[in-house]
Amino acid sequence: MTRPEDRPAWHALDAHRDAMMDTTLSTLFDQDPGRFDALQGEAAGIFIDFSKNHLLRAAAGAQEDTHALLVQLAVESDVAAKRDAMFAGAIVNPTEHRPALHVALRAPRNADIRVDGENVVPEVHAVLDRVCTFSERVREGEWLGFTGKPITDVVNIGIGGSDLGPLMATEALAPFAHERLSMHYVSNVDGSHLVSVLKRVNPETTLFIVASKTFTTQETLTNARSARGWFLESKATDKDVARHFVAVSTNDEAVSEFGIDTDNMFGFWDWVGGRYSLWSSIGLSVALCIGPERYRQFLAGAHAMDRHFAEAPLESNLPVTLALLTVWYNNFLGCNSHLIAPYDQYLHRFPAYLQQLTMESNGKSVHVDGSRVDVETGPIVWGEPGTNGQHAYFQLLHQGTHVIPTDFIVPLESLNPLGEHHELLLANCFAQSEALMRGKSGDAVRAEMRDAGRSDAEIDALVGHRSFAGDRPSNTITVQRMDAAALGALIALYEHKVFVEAAIWDIAPFDQWGVELGKQLAKTVHSELSAGKTVSSHDASTNGLMNRAIKRRGLLA
Ligand code: F6P
């Protein structure tokens, strides 16, 4: 195995970084009128302007071309072969001995994608057809609750990938939601989450989706049991559970043990990772919300991005470009945090969704062969919708000591045209990336203050506070309208970006062993808290906290 930092392109990028350190983004734009046209791309309805990044262009007179050097790193890292292996159903999740075939979930009916020699696409479409038929019945008011009334509320009980994806997508596509159906998501084992939803729904007209790939997740099963208890406290009886509880899982046995008829279960497969499961029957709540036709458009949008990722040359491949930029900042320019700033209120859960996608995938410290990684891997991903962020954390982006590469995401057309709102939204989005890049020099501040009649003493005191270093990089991603197809393509773009980063760092993106330790310890701590005895088997802090809780909650036997 060649370690990433031993690749010739890695060394070349190291040297290139040293040579370009003094070149600012503003200078690059001032010297190169063709920069915007050259550093952009479009595929599957997604347009990306990546010109506001620290990339030198050979075509604009630079000795070396940063993007070309980065692409060379992708070539040396076998990105294309690794991508092809993923699409072909190879074991790309070696620690769990599985393929990762979320691309099969959005492939057209006539595709042929094999796992152990068997084409999985017919099975995928059989489940998708069941999801669509069921959704239609609920939406049309044919699927009735135990007192004969149509369903009005859907409660998805799940966590992680079994929650964040469907929640994000139903919020993002809210303008297309069915008028009668209200969607609710319960994930937190904090009883307040479930209780607050149950206060708003009626057992006679509520459908619960218990969504769990493994059907062993403590939080989900606890919430599901309590929801069933609440349901049975109404006039409903055990036989009515079948009309009000469906399951989405890979684990038939655990589903029937829980008491849900497997006729009311929508399956999927172990080759679908939790954080990639939105495209499987885990998307049931999305199909219920936006309807089968739009749900299929959502899958088709993702498939269009899959084709682009699979077929476009590395140098014009959008997920590859975004990944290379992250590697450039993360590993060469010392920026370990990445901001996702959607200028679209409906995308308010998109940063949280991407947090799981990227941090659960690439939060790794060993290479695929188990040896220790010596370079930085996945950055910290975070975000909140603009323009709200501008009035909160953007201060740090503009004047803080950390440089945080940012993805601005904005639809060119609003789904709710209202006066000049959308022009203002676009203006804010474009102005922020310009301000981050251009900054404001001390001279400009001095001139402005002088014109405003401020004294020299005042100017000297304030000039540092009012100047902006600028030179802060960003991508701007636009779509025409954030409809189902555009959202599908946008999510797939980031999925593949994360995959390419992992390929370059030579880490395993499809497992998540890091979440296991906490789960194991929580079981032990839970049984000790419930035993009602003083605890002494942990470190002093954990013992102290547990004993305080046991005492203060009156649990001491
Ligand atoms: O604990 C992490 C995790 O396994 C995620 O990867 C997954 O999305 C989530 O928990 C939920 O798992 P499940 O769908 O099996 O309940």
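Taken over region 264-278, the criterion of being within 14 Å of Val115 (Cβ to Cβ) and more than 11 Å from the ligand (Cβ to nearest atom) is satisfied by Trp269, Trp271.
So, in region 134-163, of the ones that are open to solvent by 30 Å² or more (accessible area, probe 1.4 Å) and among the aliphatic types (A, V, I, L, M), which residue ends up nearest to Val210 (Cα to Cα)?
Initially, region 134-163 is screened for residues open to solvent by 30 Å² or more (accessible area, probe 1.4 Å), giving 136-137, 139-140, 142, 144, 146-150, 152, 159.
Right, trim to among the aliphatic types (A, V, I, L, M) and you get 144, 159.
Working: Leu144: 18, Ile159: 10 Å.
Selected residue: Ile159.
Taken over region 243-263, the criterion of being open to solvent by 20 Å² or more (accessible area, probe 1.4 Å) and more than 13 Å from the ligand (Cβ to nearest atom) is satisfied by Arg243, Asp252, Glu253, Ser256, Glu257, Gly259, Asp261, Thr262, Asp263. Taking every residue in region 508-534 that is at pLDDT 95 or above and pairing it with any residue that is of a type in the set (Asp, Glu) and away from the ligand (no atom under 13 Å from the Cβ), at least 6 positions away or on another chain, the pairs with Cβ-Cβ distances below 9 Å are Pro509/Glu501.
For region 51-63, a residue qualifies if it is assigned to a loop (DSSP other than H, G, I, E, B) and farther than 21 Å from Arg472 by Cα, and the qualifying residues are Gly61, Gln63.
Residue count for region 429-449 under the criterion of being crowded, with 17+ Cβ neighbours inside 10 Å and either assigned to a helix (DSSP H, G or I) or without any contact (Cβ under 8 Å) to a residue 40 or more places away in the chain (or both): the result is 10. In the condition set (1) open to solvent by 30 Å² or more (accessible area, probe 1.4 Å); (2) over 17 Å from Val479 (Cβ atoms); (3) out of contact with any Phe, Trp or Tyr (no Cβ under 7 Å at 6 or more places or on another chain), Leu324 is compliant with all but (1). Residue under question is His178, and the condition is that it be assigned to a loop (DSSP other than H, G, I, E, B), more than 16 Å from the ligand (Cβ to nearest atom), closer than 30 Å to Ile409 by Cβ and not hydroxyl-bearing (Ser, Thr, Tyr); does it hold? Taking the combined requirement at face value, the residue satisfies it. Listed conditions (1) assigned to a helix (DSSP H, G or I); (2) open to solvent by 50 Å² or more (accessible area, probe 1.4 Å) are all met by Asp112, apart from (1). Of all residue pairs spaced 6 or more apart or on separate chains, those with beta-carbon atoms under 6 Å, a first member in region 156-182 that is of a type in the set (D, E, K, R) and a second member that is within 16 Å of the ligand (Cβ to nearest atom) are Asp163/Tyr185; Asp163/Ser187; Glu171/Arg349. Among the residues of region 151-170, those that are more than 16 Å from the ligand (Cβ to nearest atom) and either touching a strand residue (DSSP E or B) at 6+ places or on another chain (Cβ under 6 Å) or among the basic types (Lys, Arg) (or both) comprise Ile151, Asp153, Val154, Thr170.
Determine which member of the set His496, His465 is touching a residue at least 60 places away in the same chain (Cβ under 8 Å) and outside any loop (DSSP other than H, G, I, E, B).
Within the list His496, His465, the selection yields His496.
Restricting Gln395, Gln390 to those that are more than 23 Å from Asp49 (Cβ to Cβ) and not in a loop (DSSP other than H, G, I, E, B) reduces the list to Gln395.
Cβ separations smaller than 9 Å between residues 6+ apart or across chains give the following pairs from region 363-382 residues that are under 22 Å from Leu324 (Cβ atoms) to residues that are among the basic types (Lys, Arg) and surrounded by 18 or more Cβ atoms within 10 Å (Cβ to Cβ): Val373/Lys364; Thr377/Lys364; Gly378/Lys364.
The values are calculated or read from the model by the stated rules, or taken from the named source; none is laboratory data. Note that this is a predicted model, so its numbers are computed, not measured. Virtual Cβ from ideal backbone geometry, glycine too; neighbours counted across all protein chains shown. Each accessible area value is taken on the protein alone, full model and side chains, heavy atoms only, with ligands, DNA and RNA left out. Shrake-Rupley method; radii C 1.70, N 1.55, O 1.52, S 1.80 Å.
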